[in-house]
Amino acid sequence: MGKTRIRALVLDYGGVISKPQNPENVSNMLQILNQDDTDFRSVYREKRDNYDNGQLSGEEYWHSIFQHYGLEQNDSKVTKLIQEDIESWTQIDDSMIQFIIKSKAKLHKLAIISNMTRDCLAFMKKHFQWLELFDELIFSCEFGINKPDAKIYEAFLSRIEIPSQECLFVDDIVENMNGAMRSGMNVIHFKSFLQFRQEVEQNYRFSR
């Protein structure tokens, strides 16, 4: 059986282009909040959707976490938490960037579809020139909808006018990957750069 022809490579950002969330920054957040790690990660994720889709500002998001823990609101601490949060998600996997650079000429379209806060995206646009390599950038905070909602994948497909079966979507979260698969795209569940590259080489053929 031949390799599947791929004309559009579509990548998640967090945990695929960037490294997984940095535990040192998470530890710093816990220190600022004076909390242990008992339930912080679940609270962090539980309240994240409306921050990711742009309905909440960073200040509103962290104020809600202060409220959850019964803490007095503290604007200085909130500013520090926003910065630690941004830093935790903006350490880039250089191997993936080199792969993207080498693959661009072989593909018709390069894209990112990612759940993303406005604060993190502002940092990325200011500091990451490699974003210019991509033809389409769909971030939840600008689009108003998070993955795995079908509308975010449908919006991407309507923009590029490439059949979904010629698109390869890569994400480290199974739920997001399944959302793309339901829209007809090929998918890879990202676990490591090496595993991702091997799956691409074994199963897919990039084409313009």
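Data overview
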item: Rounded FRET efficiency, nearest 0.05, which uses the C-beta distance separating Glu199 from Gln83 and R0 of 45 Å; result: 0.80
item: Choice from Asp52, Asp36, Asp171 showing the highest fluctuation, given a GNM over the chain with Cα pairs closer than 10 Å; result: Asp36
item: Helix-derived mean residue ellipticity, 222 nm - over the chain, DSSP H n ≥ 4, -39500 (n - 2.57), to 500; result: -14000 deg cm²/dmol
item: The stretch 152-180 and the stretch 1-37: distance between their alpha carbon centers, rounded to Å; result: 18 Å
item: Residue with peak Gaussian network fluctuation, the chain [Cα springs, cutoff 10 Å], from Asn50, Asn186, Asn74; result: Asn74
item: Cα→Cβ-extended label distance, 7 Å offset, between Ser76 and Leu133, nm; result: 4.1 nm
item: Reachable aspartates and glutamates, given that their alpha-carbon falls under 14 Å from the alpha-carbon of Lys104 and they are not under 8 places away in the same chain; result: Glu132, Asp135, Glu136
item: Among the listed pairs Lys80/Lys191; Lys19/Lys126; Lys47/Lys125, those beyond 22 Å (Cα-Cα); result: Lys80/Lys191; Lys47/Lys125
item: Carbon plus sulfur fraction of accessible area for the chain, probe 1.4 Å, in percent; result: 45 percent
item: Förster-model FRET efficiency, 30 Å R0, Asp37 and Lys125, C-beta, rounded to 0.05; result: 0.45
item: 0 to 90° range, to nearest 10: angle between helix 150-160 axis and the chain longest Cα axis; result: 50 degrees
item: Solvent-accessible area per residue, Å², over the chain with all protein chains present [probe radius 1.4 Å]; result: 51 Å²
item: Cut-off under 5 Å, modelled amide H: who pairs with Val187 long-range; result: Phe169
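The values are calculated or read from the model by the stated rules, or taken from the named source; none is laboratory data. Note that this is a predicted model, so its numbers are computed, not measured. Virtual Cβ from ideal backbone geometry, glycine too; neighbours counted across all protein chains shown. Side chains are part of the model used for accessible areas, which takes the heavy atoms of the whole protein and leaves out ligands, DNA and RNA. Shrake-Rupley method; radii C 1.70, N 1.55, O 1.52, S 1.80 Å.
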